[in-house]
Each structure stands twice: as structure tokens, then as C-alpha cells.
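The values are calculated or read from the model by the stated rules, or taken from the named source; none is laboratory data. Please read these numbers as outputs of a predicted model, since none were measured by experiment. Cβ placement follows ideal geometry from the backbone for every residue including glycine, while neighbour counts extend to all protein chains displayed.
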Amino acid sequence: MIAFVLTASVTIAASLLTSSVYGDINLLWKPRFKNEASRRRWLRVLDRFTLSLSDQQLITGTTGLLIGYIKLPHGISVYHFSLITNLAMFSCSAHLASVMSLTRYFQRNPQVAWLRICLMILFALLLSISVYFWSLLGRKVRW
């Protein structure tokens, strides 16, 4: 769990840094570069780093939900199912933050964007079903 929270936090931090270098947001600390070539090189590095972290959040959240669904008929507790759902929601939030910072990258690479959109729709459907099950299980069991 600590590793999951750490990677999601690094994803959000990388997204903020990438957005700051693009000039979309102003942080307390603004990165400075020697010239425009150095800025573009760092943007390329940050885009790829943020994209890999974003992929990790997308896959981690989706597989976590799938494992929760596999365990559901075998008697998973409400606590564990709510933990899986909450971690998936956190993963979804970190992934969406990274997608927001990578809009220019996806405009330059539409093939990557279409594949990601399909996976994001799958993740959104699984998360919606999970939240629905979570609400049903929460009503049946008194906390």
C-alpha cells in the first residue's frame, strides 16, 4: 500500500512539474532553463516520464479492480472491497492529473491517445461498477 501511494504521489508531482514547464500552471518554484533547446529536451524527458507513470497508474488501477472482481464470489470482505475501490479511485485521480498535463503530447501522437482512451473507458466502467457494488455492500453491512 505504501508503494502504491508513493507511485501515485510521484505521478501527481511529475504531472505538476510537466505542466509547470509547459507554462500551464504556476508553482511556487518555476524551473529555469539556459535556452529553448534545453527546455524542449527537458519537456521530452518529462513527457516520457509522466507518460510511463500514467501507464502504471492505469494498469495498476485496472488490475486491482479485476482482482477484486475475481475475489468477489469467493467472499471478499466489505472492508477489503472498499479498500480496493478507494485505491482505484486514487489511481484514477493520479492518472487523470497526468493526462491533463500531457495534452500536447497526445495531440502530437494521436495513436497513443486512442489506445489510452480505450483503456480509460475500460477503467471507468470497472470503477463505476465497483462503486455501485461498494454502495450495495455498504447498505447490507453495518459499519
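Below, the figures for the structure above:
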read-out: Residues of region 40-50 classified as of a type in the set (A, V, I, L, M) and either without any contact (Cβ under 8 Å) to a residue 12 or more places away in the chain or touching a Leu at 6+ places or on another chain (Cβ under 6 Å) (or both), total; value: 1
read-out: Neighbours by Cβ (under 8 Å, 6+ apart or cross-chain): first from region 16-39, closer than 24 Å to V99 by Cβ and at pLDDT 80 or above; second surrounded by 13 or more Cβ atoms within 10 Å (Cβ to Cβ) and of a type in the set (F, W, Y); value: V21/W42; R39/F33
read-out: Yes/no for S91 being surrounded by 15 or more Cβ atoms within 10 Å (Cβ to Cβ), part of a helix (DSSP H, G or I) and in contact with a Gly (Cβ under 6 Å, 6 or more places away or on another chain); value: yes
read-out: All positions within region 51-92 that are among the polar types (S, T, N, Q) and in contact (Cβ under 8 Å) with a residue 24 or more places away in the chain; value: S54, Q56, Q57, T60, T62, S82, T85, S91
read-out: Boolean, F81 is farther than 18 Å from S15 by Cβ, modelled with pLDDT under 90, surrounded by 15 or more Cβ atoms within 10 Å (Cβ to Cβ) and not hydroxyl-bearing (S, T, Y); value: yes
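Residues are listed down the side, and each one gets a yes or a no for (1) outside any helix (DSSP H, G or I); (2) surrounded by fewer than 15 Cβ atoms within 10 Å (Cβ to Cβ):
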residue	(1), (2)
S20	no, no
K30	yes, yes
R44	no, yes
R48	no, yes
T62	no, no
N86	no, yes
H95	no, no
